[in-house]
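Novice: Encoded as structure tokens, here's the structure I'll be asking about.
Just so you know, all these numbers are worked out from the coordinates, no wet-lab data involved. Bear in mind the structure is a predicted one, so any value in this text is a computation, not a measurement. With ideal geometry, Cβ positions are generated from the backbone for all residues, glycine too; neighbour counts draw on all protein chains shown.
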Amino acid sequence: MFTKRMLMMAMATLVVAPSGVLAGTKYQANLVPASAVHPPANPTMASGKLALKDTAAIKAKAKGITDGAGVPVTGSTLFKDTGAVDGTEYVVIIKATFTALGVAIEAPVPMSVKNGSGKGGLALSALIGLIPGGIGRSIEVTGGEVWGPLGGANVAACQAEINTGYALAGSACKGGTKIGVAGVSIP
């Protein structure tokens with residue numbers, strides 16, 4: 001016997017069912033200091049955000065980035081202006097796995113930093129386009145890290161990785177000090 005509630009649930013299922021695709025999904029995380037002591041030792045960061053949308057767009061922001069002396073960091077704007085890194089950038093690394101393929105990636109999101117604050121973005125659309133038809137398109141996000149400053153030794157390898165949008169093994173954009181992670185900070 002159909003009740004009114006069962007009928008409403010069946011109608012709601014029919015309204016949702018035809019699409020079969022989860023549209024508008026996203027992953028968001030807080031970026032917090034990675035210091036082994038509390039309060040965090042310099043160099044450090046105060047807070048930030050990391051977001052990955054189903055359009056394959058990644059955005060990252062960080063605040064309170066300080067150098068070893070506790071001074072708010074200011075680097076060049078070369079990456080923001082031209083897309084080229086010069087070693088003064090801080091980089092947010094999003095760690096993820098393409099679930100159906102079992103392939104782990106690390107995607108670098110460089111940030112030009114001014115007065116201790118930085119933001120950046122990266123589009124993984126070319127990478128997503130490589131997933132063959134009929135293969136599941138879910139991505140498991142396994143973490144995030146904030147590194148910097150990049151430094152001169154990693155510039156060429158990191159630039160190549162940024163141009164590709166990802167690394168299959170460890171990211172070449174992990175230069176300087178790991179100052180943040182995706183997670184929570186317990187007061």
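Novice: Just report the Cα centroid separation between region 92-117 and region 122-145, whole Å.
Specialist: 12
Novice: Moving on. With angles folded into 0 to 90 degrees, how steeply does helix 155-164 sit against the dominant principal axis of the chain? Use alpha carbons for both and round to 10.
Specialist: Helix 155-164 sits at roughly 20 degrees to that axis.
Novice: For region 96-105, in order, what is each residue's ³J(HN,Hα) by Karplus, 6.51 cos²θ - 1.76 cosθ + 1.60 with θ = phi - 60°, in whole Hz (x at glycine and Pro)?
Specialist: 8, 10, 6, 3, 5, 8, x, 9, 8, 10
Novice: When the convex hull of the C-alpha atoms of the chain is computed, what volume per residue in Å³ does it have? List each step's numbers first, then the result.
Specialist: On the way: hull volume 30.6 nm³, N = 187.
Residue-normalised Cα hull volume stands at 164 Å³.
Novice: T77 label point, 7 Å along Cα→Cβ, cut-off 12 Å on backbone N: hits in region 91-121?
Specialist: 112-115
Novice: Obtain the nm distance between the two label points defined at E140 and S185 by a simple spin-label model: each point lies 7 Å from its Cα along the Cα-to-C-beta direction.
Specialist: 2.9
Novice: Shifting gears a bit: So how strong a dipole does the chain carry about its Cα centre when Lys and Arg Cβ are +1 and Asp and Glu Cβ are -1, to the nearest 20 debye? Spell out each step's value before the answer.
Specialist: Values: 15 positive and 9 negative charges, 148 e Å.
Value, rounded to 20: 700 debye.
Novice: Name the lysines eligible as straight-distance cross-link partners of K80: C-alpha to C-alpha under 18 Å, and not fewer than 8 places from it in the same chain.
Specialist: K59, K61, K63, K114, K119
Novice: Quote the relative contact order of the chain in percent (integer), defining contacts as alpha-carbon pairs under 8 Å separated by 6+ residues.
Specialist: Numbers: 414 pairs, mean separation 44.0, N = 187.
Worked out over the chain, it gives 24 percent.
Novice: Whose amide H sits under 5 Å from the amide H of T177, counting only residues 5 or more places off or on another chain, with H placed in the peptide plane?
Specialist: Sorted by chain and number, the residues that satisfy this are G148.
Novice: Between T97 and N163, what length comes free when the chain is fully extended (0.36 nm per residue of separation minus the Cα-Cα distance, one decimal in nm)? Intermediate values should be presented prior to the final figure.
Specialist: Values: separation 66, 0.36 × 66 = 23.76 nm, distance 1.96 nm.
So the extension gain works out to 21.8 nm.
Novice: Let me ask another. Convert each backbone phi in region 172-187 into a coupling constant with the Karplus relation 6.51 cos²θ - 1.76 cosθ + 1.60 (shift: θ = phi - 60°), then list the ³J(HN,Hα) values in order as whole Hz, x for Gly and Pro.
Specialist: Result, ordered by residue: 6, 8, 8, x, x, 10, 6, 9, x, 9, 7, x, 10, 10, 8, x Hz.
Novice: Test of understanding: express the Cα radius of gyration of region 98-187 as a ratio to 2.2 N^0.38 Å, with N the residue count.
Specialist: Details: Rg = 14.7 Å, N = 90, 2.2 N^0.38 = 12.2 Å.
Region 98-187 yields a ratio of 1.21.
Novice: Around T88, with a cut-off of 13 angstrom between Cβ atoms, what is the net charge of the other residues, counting Lys and Arg +1 and Asp and Glu -1? Present the calculation step by step, with values, prior to reporting the outcome.
Specialist: Working: positive: K80, K114; negative: D67, D81, D86, E89.
For residues surrounding T88, the net value is -2.
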